[in-house]
Amino acid sequence: MTRVPDTGNRRPLGGWFFFAFKLVLWTLIAYSFAANANIYFQYPRLSGVAYGINTFLTGSILIAIGRFTLIAIYRRRNKKNNRVRGNYILGINQIATLLNIVFVILGLMIAFGINPKEFLTSITIVAMAIALLFRDYITNMISGLLIMFSDQFTIGDTVRIGEHQGKIMDITLANIMVKNDDDDIVLIPNNTAFTTNIINQSLQNSRKLTIEFELPLDSSRRPRVLEGDLRDTLKNYGTDIVPDSFQFRVVGVGKDSVQYKLQFSTTKKDTRLRRQLRNDLYQRIIAFEATL
């Protein structure tokens, strides 16, 4: 079972308190419109501020209800699913945040006496220019949302994206955070992940270890010797290696080099063990090449 961190499917006590505060404040302002209409008529500035706050609170409350409803439906439908997709919850949260920002801007416009419709009409050309300038960021954000709602992978999965491999720690609107075998956090832009082949190792055998390398053509005339050396290296790990899981083959031949792929499975998930295995195998490959 893939375990993922809490990504918002359970609202904390502080979140419920803040929602209740917004609901009470919205109720008081809505009541004041009917009970104190004359005061708002006498003080237009106060009326604008009240309507601005009311606009933001109305949108924010509806967004919160929609967010809670969608997450509750998702959790109910996936209650028996052993693979929880935390990135779906992230996607709902990110959209809710963006919509809240929109209502904050609308509320501020109304509070300062700016007509939102006229304002948007007047800055159409400027908005197009801004969209062109920030095109890469906008497309990266859209790619992030598409990834969040896709079923390619989720938080906690072990994946290979391009040349990077590791465990997904977080997904944002800007990038995917991957923790590799060296415990380094790699930030992969969403556009890169969206247009690159992705191998989700968690959907297969998560204990499988793959090592790809190449040797000069002159150093590749004794593949059986190289295979024997690699097998001898794995024998040093005894029961940590799954018997009969060793696979060694040529995957490509270039003008001056030969590409190899080595695959085998470990009996347990251990980052330190995988790191040591990689190091020993690479050292053995280097030693093999040096003897030729």
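None of the figures in this text is laboratory data; all of them are computed from the coordinates on show. What you are looking at is a predicted structure, and each value in this text was computed from that prediction instead of being measured. Using ideal geometry, Cβ is built from the backbone for each residue, glycine included, and neighbour counts are taken over all protein chains shown.
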Report task. Using +1 at the Cβ of each Lys and Arg and -1 at the Cβ of each Asp and Glu in the chain, identify which of VAL126, PHE68, GLY254 lies farthest towards the dipole's positive end. Result -> PHE68
Query - Rounded FRET efficiency, nearest 0.05, which uses the C-beta distance separating THR210 from ASN100 and R0 of 45 Å - result: 0.55
Report summary line: Around GLY144 (Cβ within 14 Å, Cβ-to-Cβ, excluding GLY144; K/R +1, D/E -1) the net charge comes to -2
Report task. Return the calculated 222 nm mean residue ellipticity for the chain, to the nearest 500 deg cm²/dmol, obtained by summing -39500 (n - 2.57) across DSSP H runs with n ≥ 4 and dividing by the residue count. Result -> -18000 deg cm²/dmol
Requested in this report: Beta carbons within 10 angstrom, averaged per residue: use that to sort the peptides 240-248, 158-166, highest first.
Outcome: 158-166, 240-248
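Summing +1 for each Lys or Arg and -1 for each Asp or Glu, what net charge is found among the other residues whose Cβ lies under 15 Å from the Cβ of THR124?
Charge balance in the 15 Å sphere: 0.
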Report summary line: Applied in sequence order to the range 42-57, the curve 6.51 cos²θ - 1.76 cosθ + 1.60 (Karplus, θ = phi - 60°) yields integer Hz couplings, x standing for Gly and Pro, of 6, 10, x, 5, 5, 4, x, 5, 5, 5, x, 5, 4, 4, 4, 5
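What's the magnitude of the charge dipole for the chain around its Cα centre, counting Lys and Arg as +1 and Asp and Glu as -1 at the beta-carbon? Answer in Debye, nearest 20.
It comes to approximately 1140 debye.
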Query raised in the report: By how many nm would the segment from ILE198 to ASN236 grow when fully extended, if each residue of separation counts as 0.36 nm and the alpha-carbon distance is taken off?
Result: 10.5 nm
Requested in this report: Could you work out how far helix 124-133 tilts from the main Cα principal axis of the chain, as a 0 to 90 degree angle to the nearest 10?
Outcome: 20 degrees
Report task. Count the net charge of all other residues whose Cβ sits under 14 Å from the Cβ of LYS255, scoring Lys and Arg as +1 and Asp and Glu as -1. Result -> -3
Query raised in the report: What percent does the relative contact order of the range 158-200 come to when contacts are Cα pairs within less than 8 Å and at least six residues apart?
Result: 38 percent
Report task. Using θ = phi - 60° and the Karplus relation 6.51 cos²θ - 1.76 cosθ + 1.60, list the HN-Hα couplings for the range 216-232 in order, rounded to whole Hz, with x at every Gly or Pro. Result -> x, 4, 5, 8, 10, 8, 10, x, 5, 5, 4, 4, x, 4, 5, 5, 4
Query raised in the report: Under 5 Å between amide H atoms, partner at least 5 residues away or on a different chain: which partners does VAL258 have, H built in plane at 1.01 Å?
Result: LEU215, LEU217
Report summary line: The relative contact order of the chain, taking Cα pairs under 8 Å that sit 6 or more residues apart, comes to a percentage of 14 percent
**Report entry** Footprinting exposure proxy for PHE194, PHE134 (fewest neighbouring C-beta atoms within 10 Å first)
**Finding:** PHE134, PHE194
Requested in this report: Using Cα pairs closer than 8 Å and at least 6 residues apart in sequence, work out the relative contact order for the range 142-260, in percent.
Outcome: 19 percent
Requested in this report: Could you line up PHE17, PHE33 from fewest to most neighbouring Cβ atoms inside 10 Å?
Outcome: PHE17, PHE33
Query raised in the report: Does the range 40-161 come out rounded, prolate or oblate by the C-alpha gyration tensor, with a ≥ b ≥ c the root eigenvalues, rounded set by a/c under 1.5 and, if not, prolate when a/b is larger than b/c and oblate if not?
Result: oblate
